[in-house]
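Here, each number is a calculation from the coordinates, and none is a lab measurement. Only a predicted model underlies this, so the values are computations on that prediction, with no experimental measurement involved. Cβ coordinates were reconstructed from backbone atoms using ideal geometry, including for glycine residues, and neighbour counts include every protein chain displayed.
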Amino acid sequence: MSLKCKPTVTRRAFVASSLAGVMSTTLPFPGAAEAATQKFSLRAAQGRTRIVPEPHSDTAAWCYNGKVPGPEIRIRHGERLQVEVTNDLAEETTVHWHGIRLPNAMDGVPHLTQVPIAPGDKFVYEFDAVDAGTFWYHPHQRSFEQVGRGLYGPLIVEEANPPRVDREVTWVLDDWRLTDDASISDDFGNAHDVSHAGRLGNTVTINGLVPETFEVASGERIRLRLINAANARIFALDFGDHTPRIIALDGQPVTPHDPPGGLVVLGPAMRADVILDCIGEPGAQAQLVDRAYRGNDFRVLDFTYADTALREATPDWPIALPANPIPEPDLSSAQRHEVTFTGGMMGMMVEREMGLERRGGMMGGGMMGMMHDGRGIWFVNGKAAEGHVLDPFLTLKRDASHILEMTNATAFDHPIHLHGHSFRVISRNGAPTPHREWQDTVLMAPRERVEIAFVADNLGDWMFHCHILEHQAAGMMGVIRVA
Ligand code: C2O
Ligand code: CU
């Protein structure tokens, strides 16, 4: 069933009917009729927040509940979440619960799954937390500006029995383009950002602030939940001698492992849960360095060790997380679908190199397309999306297993996100991935081929797009229908 809003349906009627739809839909998830409902409210509005320390000025931003990031919503696995969202912005908005498997009507995609929340209006989201993990929320309406101005927050679903740690810390990473007076540069969606690597900024924050130090104790074990909320910046975090172990990616448990190449890599929208054992001596200092962009390494912060140790030896407590109830795709019977991404600056060259046939005519994957004022620069199977109400480019049989064979025929990295499902990343450039990780967003390097597999068990029309928000706005988006 498509939940596209029909113009004749009033907003009130639409909300009522979509809620009724939620009640009556048979979900692929265990019911939680008796589970507790946790209630939160979010108010999106302009505000001021301190991003850079004094003597700089504070910064006008768009905030949830007056803060950047918005409040950490934290519930327990199996609980039901209800969030009343009030829009006090001067424009429409929605909230999307990134990575959460939920009913389509709660997915927060304007015009596709709900009428956008008008200024002064409210919308109540409600769904069961079927998976434990690290998720986040953000608008899906003009995301490149709304998220870029500060609208995002963490959503944590706790395991019933989490692994033992001394401390749990959430770091929401962001990257801002600030002017000299610490205000947000208002050149959102400019042609250069859109056709290249997106809106890269000049100021990296953790939980909304430029970080300086992070205090730890020798022997301490920390579970660090990392969330990349940046429009476009990729992070590749080097923890030095700390060798964090990755226990979850995009909220989903993974076999604990050291980060490949020693770097925790997070494309926009991606998350990682890492176990960090603080192995430094009392009083020591160590740096956290970002190495995502060659030649542009920078120090994110210093770990500073307290003068007294918490314990002598590293704890040997188990770190693996319990699995979430995601259906396992059957690769032997899976239906295969090709998805090719094209476009952007130098895109034509890459397509030619890769020997791809042109798809989508003259500008289908064209060099830059700046004449389109930011639209129609990026393509999914030859089509550039305009808005969210789109004919599905793929229709997947419900409850069947599917493999998407994806090709990045462009000169840029793209974090590709599917709504409503988590998928296994099964191969990269033909080689099986060592951990077959569940993700909801997979980072694809230029020219890379990636295969993902999943059971399409969640009915509805789901967005599938690049999470570099400028690329998304300029066409790199499509709808996958599960029917
Ligand atoms: Cu995080 Cu379609 O979004
Ligand atoms: Cu992209």
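Details
- Over the stretch 224-341: Kirkwood hydrodynamic radius from C-alpha pairwise inverse distances, Å: 16.7 Å
- Estimated 222 nm signal from helices in the chain, with DSSP H stretches of n ≥ 4 weighted -39500 (n - 2.57), rounded to 500: -2000 deg cm²/dmol
- For the stretch 167-305, the direction-averaged projected area of the alpha-carbon convex hull comes to 9.1 nm².
- The ranking of GLU168, GLU451 by Cβ neighbour count inside 10 Å, starting from the fewest, reads GLU168, GLU451.
- For the stretch 335-482, DSSP calls about 75 percent of its internal beta bridges antiparallel.
- Sequence-separation-based contact order of the chain, relative, with Cα cut under 8 Å and 6+ spacing, percent: 14 percent
- FRET efficiency for the GLU448 to ASP258 pair, using the beta carbon distance and R₀ = 22 Å, is estimated at 0.50.
- Spacing of the two label points (7 Å from each Cα toward its C-beta) at THR203 and GLU353, in nm: 3.6 nm
- Counted by Cβ distance under 14 Å from PRO163, the other residues give a net charge of -1, where Lys and Arg count +1 and Asp and Glu count -1.
- Taking only the Cα atoms of the chain, the ratio Rg/Rh comes out at 0.95, with Rh defined as the Kirkwood radius.
- Modelled FRET efficiency - R0 60 Å, ALA90 with GLU312, Cβ distances, 0.05 increments: 0.55
- Projected over all directions and averaged, the alpha-carbon convex hull of the stretch 136-195 occupies 6.7 nm².
- Placing dummy labels 7 Å off each Cα toward the beta-carbon, the span from ASP399 to ALA284 is 5.5 nm.
- Working value for the stretch 335-482: equivalent-ellipsoid semi-axes of 24, 18, 12 Å, each the square root of 5 times a Cα gyration tensor eigenvalue, largest first.
- Here the gap between ALA160 and ALA60, fully extended at 0.36 nm per residue and compared with their Cα-Cα distance, gives a gain of 32.1 nm.
- Mean Cβ count within 10 Å, highest first, over the residues of peptides 254-262, 131-139, 452-460: 131-139, 452-460, 254-262
- Per-residue Cβ neighbour counts within 10 Å put TRP378, TRP462, TRP317, TRP171 in the sequence TRP317, TRP171, TRP462, TRP378, beginning with the fewest.
- For a label point 7 Å along the Cα-to-beta-carbon line of MET346, residues of the stretch 393-423 with backbone N under 14 Å: 409-414
- Of all DSSP beta bridges in the chain, antiparallel share, percent nearest 5: 70 percent
- For GLU92, no residue has an amide H sitting under 5 Å from its own, ignoring neighbours fewer than 5 places away on the same chain, with H placed 1.01 Å from N.
- Among GLU338, GLU145, GLU54, GLU448, sorting on how many other beta-carbon atoms sit within 10 Å of each Cβ, with the fewest leading, yields GLU54, GLU338, GLU448, GLU145.
- Karplus-derived 3J(HN,Hα) values for the stretch 391-398, using 6.51 cos²θ - 1.76 cosθ + 1.60 with θ = phi - 60°, are 5, x, 8, 9, 10, 10, 5, 5 Hz; glycine and proline are entered as x.
- Close Lys-Lys pairs in the chain, where close means Cα under 30 Å and separation is 8 or more or interchain: 12
- Within the shell defined by Cβ-Cβ distances under 11 Å, the residues around VAL216 carry a net charge of -3, with Lys and Arg each +1 and Asp and Glu each -1.
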